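Visitor: Here's a structure for you.
The values are calculated or read from the model by the stated rules, or taken from the named source; none is laboratory data. Note that the structure is a prediction, hence the values are computed from the model and not measured. No Cβ is skipped: glycine too gets one built from the backbone with ideal geometry, and neighbour counts run over all protein chains shown. SASA here: full protein model, heavy atoms, side chains in, ligands and nucleic acids out. Shrake-Rupley method; radii C 1.70, N 1.55, O 1.52, S 1.80 Å.
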Amino acid sequence: QVQLVESGGGLVQPGGSLRLSCAASGSIFSINNMGWYRQAPGKQRELVAWIASGDRTYYVDSVKGRFTISRGNAKNTVSLQMNSLKPEDTAVYYCNAFPAVRSYWGQGTQVTVSS
């Protein structure tokens with residue numbers, strides 16, 4: 001079993017920054033690649049960024065140059081640094097393996113970008 005807990009969300013003005021964190025526990029040795037996903041109101045959940053076991057990274061076009069995914073010094077943590085936030089970044093953000101595993105979804109953390 002794997003448990004993933006996201007934190008760091010909040011309300012921020014356009015142009016602001018937030019840093020999200022994901023802490024994994026359980027059978028984390030089974031996870032090679034980790035991803036951050038988000039779900040905006042009325043929309044399907046989408047992949048935002050992922051990081052491979054060798055630290056290769058991928059970003060969806062809408063966040064390239066603004067978001068950075070990284071692993072923590074403790075290998076069970078993954079962060080998402082979000083800069084230059086836009087209202088369209090408003091969503092619940094989740095971490096999961098990449099590709100996502102249904103049983104790993106946590107509660108997510110709400111990010112709201114609004115003035």
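Visitor: For the stretch 50-115, place one equal point scatterer on every Cα, skip the solvent, and apply the Debye formula. What is log10 of I(q)/I(0) at q = 0.14, 0.28 Å⁻¹?
Guide: Here log10 of I(q) over I(0) equals -0.47, -1.45.
Visitor: For the stretch 45-62, what does the Karplus curve 6.51 cos²θ - 1.76 cosθ + 1.60, with θ = phi - 60°, yield as ³J(HN,Hα) per residue in whole Hz, taken in order and with x for Gly and Pro?
Guide: With coefficients 6.51, -1.76 and 1.60, one gets 5, 10, 6, 9, 7, 9, 10, 8, 4, x, 6, 5, 10, 9, 9, 5, 3, 5 Hz.
Visitor: Scan the stretch 15-70 for trypsin sites (Lys or Arg not before Pro) in coil per DSSP, keeping those whose Cβ has at most 12 other Cβ atoms within 10 Å, and list them by number. Intermediate values should be presented prior to the final figure.
Guide: Working: sites: 19, 38, 43, 45, 56, 64, 66; in loops: 43, 45, 56, 64, 66.
Of the trypsin sites (Lys or Arg not before Pro), the ones in loops of the stretch 15-70 whose Cβ has at most 12 other Cβ atoms within 10 Å are 43, 56, 64.
Visitor: Could you tell me the relative contact order of the chain? Use alpha-carbon pairs under 8 Å, at least six residues apart, and round to a whole percent.
Guide: Working: 268 pairs, mean separation 43.0, N = 115.
About 37 percent, as a whole number.
Visitor: In whole Å, largest first, what are the principal axis extents of the Cα atoms in the stretch 11-53?
Guide: 37, 23, 18
Visitor: Further question on the same structure: If you take every DSSP beta bridge whose two residues both sit in the chain, what share of them, in percent to the nearest 5, is antiparallel?
Guide: Numbers: 34 of 37 bridges.
If we restrict to bridges inside the chain, about 90 percent are antiparallel.
Visitor: Another question, then. Could you look at the stretch 47-115 and say what percent of its accessible area is carbon and sulfur, using a 1.4 Å probe and all protein chains?
Guide: Values: 1660 of 3540 Å².
Heavy-atom surface of the stretch 47-115 belonging to carbon and sulfur, 1.4 Å probe: 47 percent.
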